[in-house]
C-alpha cells in the first residue's frame with residue numbers, strides 16, 4: 001500500500017494591521033517625536049490623524065518628552081471687510097510648494113485675533129507669546145495682557161500692568177518681561193517688570209537721560225540706548241538701577257530694527273544689512289557678504305520692518321508700497337563667520353527669499369514677528 005503522507009497545512013494568512021487598531025496614546029507618542037513642520041501633511045493621512053494633531057494632547061506629549069521646534073510667529077494687522085477698522089491675526093511662517101508662506105494659527109478658544117490689541121507689544125516667553133497693552137488711535141490705552149500658549153493654541157489672560165500703554169516696547173530676560181514707554185507721563189511710569197514666576201508687576205526706573213530710549217537684550221543684560229548720544233546704560237536687576245556702560249558701543253546709529261544672534265548685533269545701514277560686535281572696541285558695522293540675491297529682489301521703495309533671530313538664522317522681512325497696494329517679502333539667511341587676512345567677515349547664504357503677500361491693501365501691517373519654541 002502506497003504511503004500517504006499527511007498534507008502540510010496551508011500557510012497562515014498574514015493579518016493586516018490598520019492604524020485604527022493602534023491605540024491613540026501610542027500614535028500620539030509617535031507623532032510627538034516628529035517635527036511640527038510635517039504635521040500639516042500628516043493631517044491628510046486620516047481623520048483620526050487630523051483629530052489627534054489638532055488636539056492639545058499632542059503638545060502635552062511633546063512637552064513631556066522634551067521635543068521642541070523653533071517656529072516663527074507673525075502677527076498681521078488686517079482690515080475688516082468694511083475697511084473702516086482692523087484686527088490682528090497670527091500666522092506661522094511655513095512652506096507651501098517649496099516657498100515661504102503664511103499659515104493661519106487656528107486657536108482652540110476665542111479667535112486668533114483681538115480687535116482691542118491694536119498697537120500692542122508682543123514678546124516670546126519660551127512656548128508662549130505675551131500680548132501687552134494696546135489700543136487704537138481712537139481708544140484709550142489698556143493695561144490688559146493676554147497670553148497665547150503656542151502648544152495648546154489657546155489664549156488666557158495674565159495680570160494687568162500697573163500702567164496703561166500702547167506703542168510700548170517689550171523684552172524678555174531671565175524669566176522677566178520688561179516693558180518700556182507707551183504711556184503719557186513717561187518720567188513717572190517709564191517702564192515696569194513682570195516676573196513670570198510670581199506673576200507680579202513692579203516699576204522699572206527710567207535711565208538717566210532725557211531722550212527716548214530703545215533697548216536690546218545682549219549678553220544676559222538689558223541695555224538702553226539713544227540715537228542722540230553715545231550714552232548706553234545697562235540695567236542691574238539686583239540694585240534696580242541703570243548704570244552707564246562705557247564698553248558697550250555702536251548702538252547710537254541704529255534707528256531701525258535690530259536683532260542679536262550669538263555675540264553679534266544685526267541691523268541695517270545705508271541700505272545694506274550689517275553686523276558688528278559691540279564689545280570689539282570700535283563698534284564698527286560691517287556689511288554681511290553674500291546677500292546680493294536679496295538686494296536684487298528689493299524695490300527702491302522698500303522698508304525693512306523686522307530682523308529676527310530664528311534658531312541662529314537671520315530672518316529679514318520688508319515691505320514695498322505702491323499706489324495704495326503693498327507687498328510683503330521674507331528672506332531666511334544662514335550665517336557663517338570667517339577669518340580673513342583683512343579681519344573677520346560674516347558670510348550669509350540666502351536659503352529662501354519669497355513673496356509672502358502680493359498686492360494687498362496698504363493698511364496691511366506686520367505687528368510682530370517672534371521666534372517661539374513649540
field: Meets criteria (in contact with a strand residue (DSSP E or B) (Cβ under 9 Å, 6 or more places away or on another chain), outside any loop (DSSP other than H, G, I, E, B) and either over 21 Å from residue 259 (Cβ atoms) or in contact (Cβ under 8 Å) with a residue 12 or more places away in the chain (or both)) for residue 334
entry: yes
task: Identify the residue in the stretch 152-168 that is buried (at least 18 other Cβ atoms within 10 Å of the Cβ) and touching a strand residue (DSSP E or B) at 6+ places or on another chain (Cβ under 8 Å) and, among all such residues, is farthest from residue 242 (Cα to Cα).
output: 155
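Determine, yes or no, whether residue 294 is closer than 16 Å to residue 225 by Cα, within 22 Å of the chain's Cα centre (by Cα) and modelled with pLDDT of 90 or more.
It is false that residue 294 is closer than 16 Å to residue 225 by Cα, within 22 Å of the chain's Cα centre (by Cα) and modelled with pLDDT of 90 or more.
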- request: Would you mind stating whether residue 73 is in a strand (DSSP E or B), at pLDDT 80 or above and within 27 Å of residue 89 (Cα to Cα)?
  value: yes
task: For residue 303, work out the one condition from (1) in a strand (DSSP E or B); (2) surrounded by 19 or more Cβ atoms within 10 Å (Cβ to Cβ); (3) under 23 Å from the mean Cα position of the chain (by Cα) it doesn't fulfil.
output: (2)
query: Being under 25 Å from the mean Cα position of the chain (by Cα), assigned to a strand (DSSP E or B), over 21 Å from residue 131 (Cβ atoms) and modelled with pLDDT of 85 or more, is that true of even one residue in the stretch 233-248?
result: yes
message: List pairs: first residue in the stretch 347-358 and in the same structural domain as residue 312 (by TED's automatic domain parsing), second residue surrounded by fewer than 17 Cβ atoms within 10 Å (Cβ to Cβ) and in a strand (DSSP E or B) anywhere in the structure, Cβ distance under 7 angstrom, at least six positions apart or on different chains.
response: 347/289; 347/336; 347/338; 348/289; 349/334; 351/334; 354/99
task: Say whether the condition of being in a strand (DSSP E or B), without any contact (Cβ under 8 Å) to a residue 24 or more places away in the chain, over 16 Å from residue 126 (Cβ atoms) and over 21 Å from the mean Cα position of the chain (by Cα) is met by at least one residue in the stretch 175-185.
output: no
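The values are calculated or read from the model by the stated rules, or taken from the named source; none is laboratory data. This is a predicted model, so every value here is computed, not measured. Here the Cβ is made from the backbone with ideal geometry for all residues, glycine too, and neighbour counts use every protein chain on show.
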